[in-house]
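Engineer: Questions regarding the structure given below will be posed in turn.
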Amino acid sequence: MMLKRFAALLLVFAFCFSALSCSKQSSDKGLGNGEEPIRSMELSFAKNFTVDYYASGCKLISIEGGDRFLTVPEGSKAPKGIAKDIAVLQQPIENIYLAATAAMCLFDGLDRLDSIRLSGTKADGWYIENARTAMENGSILYAGKYSQPDYELILSENCPLAIESGMISHASDVQTQLEKLGIAVLMDRSSYESHPLARTEWIKLYGALLDEEEKAEALFKEQVELMNAAAEPSGKSVAFFRISPNGYAVARRSGDYVSRMIELAGGEYAFSSLGNGDSALSTVNVEMETFFQTARDADVIIYNSTIGGEIESLDEFLNLNPVLAELKATRDGEVWCTRESMYQQTLNIGRMIAEIGSILSASPKEKLDLIYFFRLEP
């Protein structure tokens, strides 16, 4: 008898758990009022967001992690009975506070910097000319970095939306405060995407926010075509790194989006043994002895100057560490450097891949007219 009662209790518990689980799943999908989307946005690479379109003209944007946003056409009201976890954004969406630097170039590409009123980066921190100019002429105001926003200024500018990077997870109190003030917080998770072009594909999300889908699709397609044109294997290995002030070589993990860019350009990433891209850290400190053993026979060096600042000459590169002179790529004159602007140019990842492809296919000492890379000369 006791065994039967115990089994019955287990069945009741299982049923309750199942009901709760199903309830949670159903609240995480759709508007929660029974209205079904008429279509969903087609995505090629991006895995961290979706966009569903409704007959009312509303769009449901869902971000990996659970955050959801409903854009409502100008002059319309939000549908009744929608789930409480959905943040409603009335179009046109203006006076945005943008703290995610990777997204600025996407707004710039859409020619919609007019929708951004507040920036989490100062004017001198932007390598995007139009963004810097907009801040210098006062069209975009500095409203404090992501961890210390100027709440008073943000409120005074009638900001409905803050776009944050993944760094906001380290300042959860800021997100809570913004939401208490009635400001929706959208985390740009493009840096969590595994495919390089998935980062660029986030332009489709911002296109949906601003009713610029056609332009977003055209810009994304252009980058895909550039990437595909550079897909021929070169058989050359590439060492991508920087030298830190404490004497380590700092390399990207294998599987990281930069190493995948090299592979998509037809190259082989020299540091293929540095784990995969699943780690929260995208870089690894490598002792110089290990670095030399790994990079000494690489055909091409691309020096990462986006953190420590651009170096101007091969001599400056060699002064970073004596071991650099012993590398094959150095002796062959195949040392290249990134422009500092590289990491703010999410929109142009396809072009970057194409430029790496050009570097790999170039003849020795050939001069190339590139935007994001340049050869280091003596």
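Engineer: Segment 163-277: D in µm²/s via Stokes-Einstein (Kirkwood Rh, Cα pairs, 20 °C, 1.002 mPa s)? Intermediate values should be presented prior to the final figure.
Structural biologist: Working: Rh = 16.9 Å.
The diffusion coefficient I find is 127 µm²/s.
Engineer: Work out Dmax and Rg for segment 308-353 from the C-alpha atoms and quote the Rg first, both in angstrom.
Structural biologist: 13.1, 37
Engineer: Quick one: divide the alpha-carbon radius of gyration of segment 32-224 by 2.2 N^0.38 Å and tell me what you get. Mind dumping the intermediate values first?
Structural biologist: Numbers: Rg = 16.0 Å, N = 193, 2.2 N^0.38 = 16.3 Å.
The value comes to 0.98.
Engineer: Running Debye on segment 220-308 with equal point scatterers at the Cα sites and no solvent, what base-10 log of I(q)/I(0) appears at q = 0.13, 0.18 Å⁻¹?
Structural biologist: Scattering profile of segment 220-308, log10 relative to I(0): -0.44, -0.80.
Engineer: HN-Hα J couplings of segment 80-90 from phi, Karplus 6.51/-1.76/1.60, θ = phi - 60°, integer Hz, Gly and Pro as x?
Structural biologist: Karplus-based 3J(HN,Hα) across segment 80-90 equals 6, x, 6, 4, 5, 7, 8, 7, 8, 10, 7 Hz.
Engineer: For the chain, modelled as a GNM with alpha-carbon contacts under 10 angstrom, which of 73, 322, 160 fluctuates the most?
Structural biologist: Of 73, 322, 160, the most mobile in the Gaussian network model is 322.
Engineer: When a/c reaches 1.5 or more, the comparison of a/b and b/c decides; with that in mind, is segment 232-375 rounded, prolate or oblate per its Cα gyration tensor?
Structural biologist: rounded
Engineer: Which residues' amide hydrogens lie under 5 Å from the amide hydrogen of residue 58, considering only partners 5 or more residues apart or on another chain, with H built in the peptide plane?
Structural biologist: Placed amide hydrogens put nothing under 5 Å from residue 58.
Engineer: Out of [x] 23.1; [y] 21.7; [z] 21.0, which label holds the value of Kirkwood radius over Cα pairs in Å that was computed here?
Structural biologist: Matching the structure shown: [x].
Engineer: With θ set to phi - 60° and the Karplus curve 6.51 cos²θ - 1.76 cosθ + 1.60, what are the ³J(HN,Hα) couplings of segment 356-369 in order, to the nearest whole Hz, using x for Gly and Pro?
Structural biologist: Computed from phi, the couplings for segment 356-369 are 4, x, 5, 4, 5, 9, 6, 7, x, 6, 5, 8, 10, 8 Hz.
Engineer: Add -39500 (n - 2.57) for each DSSP H run of 4 or more in the chain, then divide by its residues: what number comes out at 222 nm, to the nearest 500 deg cm²/dmol?
Structural biologist: Working: 13 runs with 125 residues, N = 378.
One gets -9500 deg cm²/dmol as the mean residue ellipticity at 222 nm.
Engineer: Order of 206-215, 139-148, 228-237 by packing, highest average Cβ count within 10 Å first? If you can, show how the numbers build up before the last one.
Structural biologist: Values: 206-215: 19.9, 139-148: 17.6, 228-237: 14.9.
So the peptides 206-215, 139-148, 228-237, ranked by packing, come out 206-215, 139-148, 228-237.
Laboratory data are not the source of any read-out in this text; all were calculated from the coordinates shown. Computed from a predicted model, the values in this text were never measured in an experiment. Note that each Cβ is placed from the backbone with ideal geometry, even for glycine, and that neighbours are counted across all protein chains shown.
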